[in-house]
1. What accessible area per residue, rounded to a whole number of Å², is obtained for segment C:11-335 using a probe radius of 1.4 Å?
2. Would you mind calculating the gained length between residue B:293 and residue B:200 on full extension (0.36 nm times residue separation, minus the Cα-Cα distance), in nm to one decimal?
3. Note the full-extension length gain between residue C:36 and residue C:294 as 0.36 nm times their separation in residues minus their Cα-Cα distance, in nm to one decimal.
4. Which whole-number value in Å² is the accessible area per residue of segment D:53-174, probe 1.4 Å?
5. Toward the positive end of the charge dipole of the protein assembly as shown, about the Cα centre and with charges on Cβ (Lys, Arg +1; Asp, Glu -1), which of C:35, C:174, D:71 goes farthest?
6. How do C:104, D:129 stack up against each other in accessible area, from largest to smallest, with a 1.4 angstrom probe?
7. Which shape class applies to the protein assembly as shown: rounded if a/c is under 1.5, otherwise prolate when a/b exceeds b/c and oblate if not, where a ≥ b ≥ c are the square roots of the Cα gyration tensor eigenvalues?
8. So which residues in segment D:262-277 end up with at least 50 square angstrom less accessible surface once the other protein chains are there, compared with the chain by itself, probe 1.4 angstrom?
Amino acid sequence: MAAFSSASDADGVLARAAAGVLRSPKATVAAVACVLLLVTAVVGPSLVPQDPYDLNVLDIMDAKLPPGGEGMDGTVFRLGTDGQGRDMLSAMVYGLRTSLFVGVLAGVVALVVGTVLGLVAAFAGGRIDSVIMRIVDLMLGLPTLLVALMLLALLGQGVWKVVLALVLVQWAMFARAVRGAALVEKNKDYVEAARMLGFSRPRILFGHLLPNCLSPLIVIGTLQVANAISAEATLSFLGIGLPITQPSLGLLIANGYTVLLSGQYWISVYPGLLLLLVVFSINIVGDRLREVLNPRLAERS
Amino acid sequence: MTAPLLDVRDLRTQFGTGVRAVKAVDGVSFTVDRGEILGLVGESGSGKSITGFSILGLIEPPGRIEGGRILFMGEDLVGAPREALRRIRGKRIAMIFQDPMMTLNPVLTIGTQMVEAVLAHDAVPRRTAVERARDALGLVGIPSPDERLKAYPHQFSGGMRQRVAIAIALLHRPDLVIADEPTTALDVTIQSQILYEVRRLADAFGMALVWISHDLGVVAGLADRVAVMYAGRIVETGTVDDVLDRPAHPYTRGLMDALPATAVPGDRLRPIPGMAPLPTSRPDGCPFRTRCFAATDACRAEPVVTVAAGHEWRCHHPIREPAA
Amino acid sequence: MTAPPIEGPLIEGRGLVRRFVRDLDLAETVAAALGANVKREVVHAVEDVDVAVRSGEVLGLVGESGCGKSTLGRVLAGLLPPTDGTLLWRGKDVRDLTKAEAMEMRLSVQMIFQDPMSSLNPRKRILDLVGEAPRVHGLVRANEIDDHVAALLETVGLDPAYRKRYPHQVSGGQRQRIGIARALAVRPKLLICDESVSALDVSIQAQVINLFMDLRRDFDLTYVFISHDLAVVRHIADRVAIMYLGRIVEAAPAPAFFAAPNHPYTTALLSELPSVKQRRRTFAPIRGEIPSPLDPPPGCAFHPRCPRAFDRCPRDLPALRPIAPAHVSACHLNQTH
Amino acid sequence: MAVFVIRRLMQSLIVLAATAALVFLGVFAIGDPGEMLIPPDATPAERAQVMAALGLDRPLPVQFVTFLANILQGDFGRSFVFDQPSIALILGRLPATLELAFVALAIALVLGLPLGLLAGLRPRTATDEAIMTGSILGFSLPNFWQGMMLIMIFAVWLGWLPSTGRGPRGTILGIETSLASWEGIRHLILPATNLALFKLALVIRLTRTGVRETMPLDFVKFARAKGLTERRIVLVHVMKTIMIPLVTVIGMELGSLIAFAVVTETIFAWPGIGKLLIDSIMRLDRPVVVAYLLVVVAMFITLNFLVDVLYSILDPRIRLGRA
C-alpha cells in the first residue's frame, strides 16, 4: 500500500542486519556477548592464571578441587580443578579458543565453497546444475552428525580433519540457499535490464545479483557457525573429534563425564555452561537476523 | 424514504499509532440502498479497499477502526462482538477479492471450501450443503459442477476461480456483496464475462453491491451511483451520470481528463499534476489542494460536504457546469 | 556510433518463431514408458510472426495475457534468440552483425518494463542505476557522470537530488521514470515498452504517456509499445498489431484500425473495452478463454470462441491478407464475401 | 505424481549406490583394508590367508563388485569383537534405537505443534517471546551436555529416575517395547527427553514460521470473509497448509534422530545401534561400522522416500500433476 519506506534502512544488507539486531534488546545483548566471547578467546590466554597445558605448573595434588578450593601452594581455583589439577577457568578459556576457531573457520570455508557452487549451479543451469544439486541433495539427505562421525572415524582425529569434516557436511546448505535466492533474482526484470544495457556476465553476476542474494547467506552463516561449534563439541565428546592435546570445550566436558555421578559436577558443568552461552548467543543473533532479513516476513512488517 | 441497507458514517481506520499512524480511511460516509450498485472509485492508496475490509470487520492489527459507525440494517458493526460479526460475514454481507489466484486455499478442494462456507452459517446435513455448493457453481456458469467440486484451485483458470469466489459469495444469498477490484487481474474478455454474470446475478437476487475499482470505465458501465475517494476521504458522491458527466470536484474532473480514451489520439493527455500525498504527510485542509488547479488559501480549511439533489461533494471551489 | 541513414525498417522480424520446450527428464521418460500421461511440453509462444518497425514510428502490440506479445518483445529486444526466423537490424541479419554492430544494436534497443520495482536493482542508488551503463561503455567521462545523470533525471521529470536515493524511496510513477532515464542513458533508437504504464494509477499513467510522447519528439525515438490496454495504444500508436495465441491476427495504421476493425477477435476486444461513456451497459462477452499455448487449437486459433466461426475455421489456418491499404487481417470470413 | 515418485525413487537408488561406493572407497581404497578387516592381533600368516580369502589381493573394481555382491546377499562381514555376523548385531540392537527415536519424535510433535501454533498466532507477544527464546535455548543446548545435566539432576540429585540402561520390556501389539511396564517407561523418560528436546525446538520454529507466513495470505482473509470460525481457519486452512512442509522435515528428522541417538545412547548406556557404533569405533571393529553405515543410510533413504510419497499425497498440486 505505502509507496515509500523509511530512508533509515537503505544502506545494504549488512546495515539492515545490524539495525535489525539493535532494535531488539535481546539480540543486542546476545551480540555483545558474542563480541565479548570472541575477545576473550583472542586475548584470553594472557589474562588467565595459568597455561593449563604447561605440565610444569600443574600439580596432581591439586586435582579435583571444588570451586573456590585452595591448592597446595595457596592458589585459589575459582572454578575448581580437573583430574590433573588443572585450573578449570584457564582450561575453559583455552577450550573456548579452540571451539571458536574450529567453528568460525568451518563456517566461513563452508560459506565460501557453498556460495561459489550455488551461484555456478544457478547460472550454468543444465547438466552442471543437476550434478551440483544432486550432490547437495545427497549431503542434505544424510544426517550431518553421522557423516561427520564417519569421516572422522575414517580420517582419525585432528583439528584440520574436524574442520574438513564440518565443511563437507555444511557447504551444501549454503549452496542450496544461494542457488534458490539466485534463481529468484535471476528472473527479476533488473537482470534483463542489465543485459539490455550490454553489461558483461561477470558484472551482472557479481555486481548486480550477488548483493541481492546475501540475506540468506548471512542468516545461515550465523546459524551454521553455532552449529559447527556444537557439532565439534559433540564429536570431541564422543572421542573422535579433537585430539586430547588440543582440548575444546567438548573435550573438557567429556573429561568430567566419568566423575559427574560421584558429585564432582564442576568439571563438566562449567565448560558446558560456557559452550551453551556461546551457541545460544550466536543463535539468538542468527534468529533475529532471520526475522529481519527474511523477505517473506519482512515485507509485511 | 426507508433506511438504507448500509449506512457508513464518519468511518476512520488507521494503521499504527502516534505520529507515524497511517490514517488509511479518514472520515468516510456513504450509504447503499437495497439492490443498489455503488461504485467506490479511487487510485491506489486512497483507502477504498480498507473501507471495504472495515465494513466486514476484517482489519487486522496493527490496523483498527478508530471511530465512526457502520450501520448495516440498523445494526452498528463497529465494536460488534466477534461472533456477531462472523455471523454476518458470508451470510448477510459477502466479499469478493482482487486476486482470484490467491483467494482460494490451494490444498483444499473447491467442494470443501464451499461446503464449509454453507455449514459456517446453516446447520444443514452435509448432503444438502454439497447440493447447494453444486447449484451455486452452476449459477455462475461453471460447466459440470459435480466434477468441479472435487477439483483443486490450481486446476482452474483465473477467470474460473473468480467465478468460484462469486459462487461462494452467493451461497447464502447475501443482502450486500463487497467486491474489491475483482476484475483487475483479468483479461478484458474475461472481465467482460465476469461483469456479465455479476450484473445478471445482482438483478436476479436483488443484491446490493459495493464495487471497489480504480477503473472508471468499469464502474461507469456497472454502477448506479459512484463515490470517489482521495487520500482516505470520499470527495464526491452521486449518480453515475451526475458524477461522471457533471463532476463537481476538481479531482473527479482530473481523473476523467487523464483518461487516454477521452483525449484525441496523439494529443497530450491532461494528467493531474504531482502525485498523491503520503498518508503520513497529507496537507491540512483539503488534501487535494496541492495538486488542484482551483486551490486558494481557503482550501487550507477543512472543506464541508455540500449536498444538492443527491449529488454531494467536499470542496471549497466546486466546478459549476451547466447541466447537460 | 552514428549509423548511415537507412531506408526500410529499423528492426524487422521475418517468420519469427519462439517456442519454449521442456523435454522429459529421465524420470519422466520412465514414467511415460510405464504408461503415465507425461508429454514433452512445447509452448508455442510466438508462431510465424512478420513484423517491421520503421524508424520514428510507434507500433502498438496488443493482446491478452498469454498471447505472446511479451515474448515477441523480448525476441525483438535480443533478450531471447528466436527458435526460427530472421531478425534484421537496419536491414542486416543480426547473426551477421560484427561485434561492434552487435554492441551498437544492443545499446540502441532498450526496454522499459512493467513492474518498476522489479526492474530496478534494489541495492543500487539511482545515480548508479542510471549512470552505470554510460560509465561502463565509456559514453561519458567518469567525472561527468554525476551531471549526466542529473540531466537525464531532469529530462524524465525527476528532481536531480534523487540521485542519492534508492528505488524503494520513491513512488511507483517515479520509479518508472528512473527506468526510462536508465534506458535513455545509452542513447537508444528503439524503446520496447512492455506494459510500461499498466501498473500505474490513471493520473500518473497520463503523466508517463505524455513523457513517452515528449521523448519521442525530442530524441527521435521509435517505440514498440506492448500493452493489453487498447485505449492507451489508440492514443499513442501509429500502427497497431493484435496478437492472439502467438500470431498476429490483424495489423493496420491506428486510425484505420479503430475506424474499421476487421477480425472478430479485434471487434470483440474493442466492444468489450470499458468506457466512461457507457452507462448501465449490458455486457455481451465472447465465450470461453484463451486456449493453452501448449496445445493450440487447429486451424484458426480463435475459432472455439468465435461467434462467426464456420466449417473452414477449425481446418485451415487463415493467412494474414490485405483487406485495405496497409491493413491486414487473418480471417476466413474475408474471403467468403 | 507417478513422475514425482519415480524421480525420487531414482534419486534414492543413486544415493544408495553412491554411499556404497563411498564406503567401499573409504574402507578399501584409502589406507590398508587389511587393517580394517583383520583383527590387529593376527599373525602375518593368518593375515595373508584372510587377505586372500577376502579377495583383497585382487584389483579394486573386482573387489568392489565382490563387496556389492556380498552386501546384496546380506553378508556385511563378521564382528571381530563379538564374532557374529555384523548385520545380525545391528539388527538385534535396532529395535531399542527405533523405540527411542519414535518416542522422542512423539514428544517433539505433541509438545511442539501446539507451542508453535500458539507462538505463531500471537506474534511479538510475551508468550511468543518466551516460547521462541525457549526454543532457541533448546537447540543451542549441546545434546550430550544436556543429557549429562538430566542425569545429574533427575538421577543423581533428585533420584527420581534411573540414569542408564534400558528397563524391562513387554509386548504390546506384538512389538517388544519398554512402554509395556512403568519401570520400562521410567528408563525411557530421560533418554527420550534428551533426544526430543532438539527436535522439539525445531518443530516449534517450523510451526511458528509456517503459521506466520500463512496467516497474512489472501485465502485466510477470504476464509474469514466467508464467516468461518477462527478455530476452523487455524485447524483446517492453516494447519493443512503448513503440514505439507512440516511432514517433509519431520520425516527427515526421524532419520537424524536415529543418527543423533549415537550421543544419547552413549550417555544413557542405551543398548541401541548408536552405542554399538561408538563402541565399535573405539574397539576398531570395522565390519560393524561398515554394516551400521550401510544399514542406517538405507533406512534413511527409505524414510526420505516414504516422506516424499506422503508429501505428494498431501499436496494436490503434486498429486495432480505439475503445479
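The values are calculated or read from the model by the stated rules, or taken from the named source; none is laboratory data. Since this is a predicted model, take the numbers as computed values, not measurements. Because the Cβ atoms are built from the backbone with ideal geometry, glycine has one as well, and the counts that use them run over all protein chains shown. When the accessible area is computed, the model is the full protein with side chains, heavy atoms only, and any ligands, DNA or RNA have been set aside. Shrake-Rupley method; radii C 1.70, N 1.55, O 1.52, S 1.80 Å.
1. Working: 12840 Å² over 325 residues.
For segment C:11-335, the per-residue accessible area is 40 Å².
2. Stretched fully, the residue B:293-residue B:200 segment lengthens by 29.4 nm.
3. Details: separation 258, 0.36 × 258 = 92.88 nm, distance 1.83 nm.
So the extension gain works out to 91.1 nm.
4. On the way: 6040 Å² over 122 residues.
Per residue, segment D:53-174 has 49 Å² of solvent-accessible surface.
5. Working it through, the farthest residue towards the positive pole turns out to be C:174.
6. Details: C:104 25, D:129 90 Å².
Sorted by accessible area, descending: D:129, C:104.
7. Values: a/c = 1.92, a/b = 1.73, b/c = 1.11.
It comes out prolate by the Cα gyration axes.
8. So the qualifying set is empty.
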